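Some notes on the structure that comes next.
The values are calculated or read from the model by the stated rules, or taken from the named source; none is laboratory data. Since the structure is predicted, the reported quantities are computational estimates derived from the model, not experimental observations. Virtual Cβ from ideal backbone geometry, glycine too; neighbours counted across all protein chains shown. Note: areas computed on protein heavy atoms with side chains; ligands, DNA, RNA excluded. Shrake-Rupley method; radii C 1.70, N 1.55, O 1.52, S 1.80 Å.
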Amino acid sequence: MTQQTWDAVDAYFTDRLIGHDPELEAAAAAADRAGLPHIAVAPNQGKLLHLLALTQGARRILEVGTLGGYSAIWLARALPADGRLITLEIDPRHAEVARGNLARAGLDAVAEVRIGPAADTLAELVADGVEPFDLVFIDADKQSNPEYFARALELTRPGSLIVVDNVVRGGAVADAASTDPAVTATRRLHDLIAAEPRVSATSVQTVGTKGYDGFTLARVRT
């Protein structure tokens, strides 16, 4: 199996099950024009996030890592009219693109982009005692994922779902001798999850237009 095959399969499913979406396509184009890195989720992965949020009946969603707002659009579309998405972005230029994309999609009333290091903005949310989030999507710098996950536990409730992206690292996550900071942090994250009685979790490997990777799902226990 090759990357060409994975791309073709993703294209097939995207064409059949997602189709033409002007707001999402405009968001991707705006991110390209702004020179943002091509690391947003694929359309079928965005749809998965959307379906997870709908299945959760999510009213409040937290996203760690906004980039151009592509995944934020998918998540915010799952919210009811009185719902709320807070998405955290360290780069002001990325945040500006994301705000424009969310506004174009008609979601600026339910979606808020907060600028700053996620470790700081997460700590502020905890200190403010905000209402718990029903779903948390973590897709930012991988070295900080253990800290982001620990904060997510403080910001959720029994029944909430935490999703962590990019956990397979092209298979390197299984290499205990790796010195790659993203890999060692991902391994620490899963050690943390394995020892955490408050969650039930699993990880899934994926292939597609984003290459060989995967995600972890953790449900906060009652």
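Give me the percent of accessible area attributable to carbon and sulfur for segment 38-107, probe 1.4 angstrom.
With neighbouring chains kept in place, the figure for segment 38-107 is 58 percent.
Under 11 Å from the Cβ of SER200, count the other residues' Cβ atoms, weight Lys and Arg +1, Asp and Glu -1, and hand me the total.
Taking every other residue near SER200 into account, the sum is +2.
Given a 1.4 Å probe, how much area per residue of the chain is accessible, in Å²?
Per-residue value: 47 Å².
When the convex hull of the C-alpha atoms of the chain is computed, what volume per residue in Å³ does it have?
So the per-residue Cα hull volume is 124 Å³.
Give me the percent of Cα-Cα pairs in segment 83-209 that sit more than 26 Å apart, rounded to a whole number.
28
Please report the projected area of segment 17-58's Cα convex hull averaged over all directions, in nm².
Answer in nm², one decimal: 3.5.
Where does the charge balance sit around GLU89 when Lys and Arg score +1, Asp and Glu -1, over other residues with C-beta under 13 Å from its C-beta?
Surrounding charge for GLU89 is -4.
Compute the signed sum of charges (Lys and Arg +1, Asp and Glu -1) over the other residues within less than 14 Å, Cβ to Cβ, of ASN44.
Summing Lys and Arg as +1 and Asp and Glu as -1 gives -3.
If each residue of separation counts as 0.36 nm, what is the full-extension length gain between ASP91 and GLU154 once their alpha-carbon separation is subtracted?
Once the chain is fully extended between ASP91 and GLU154, it gains 20.2 nm.
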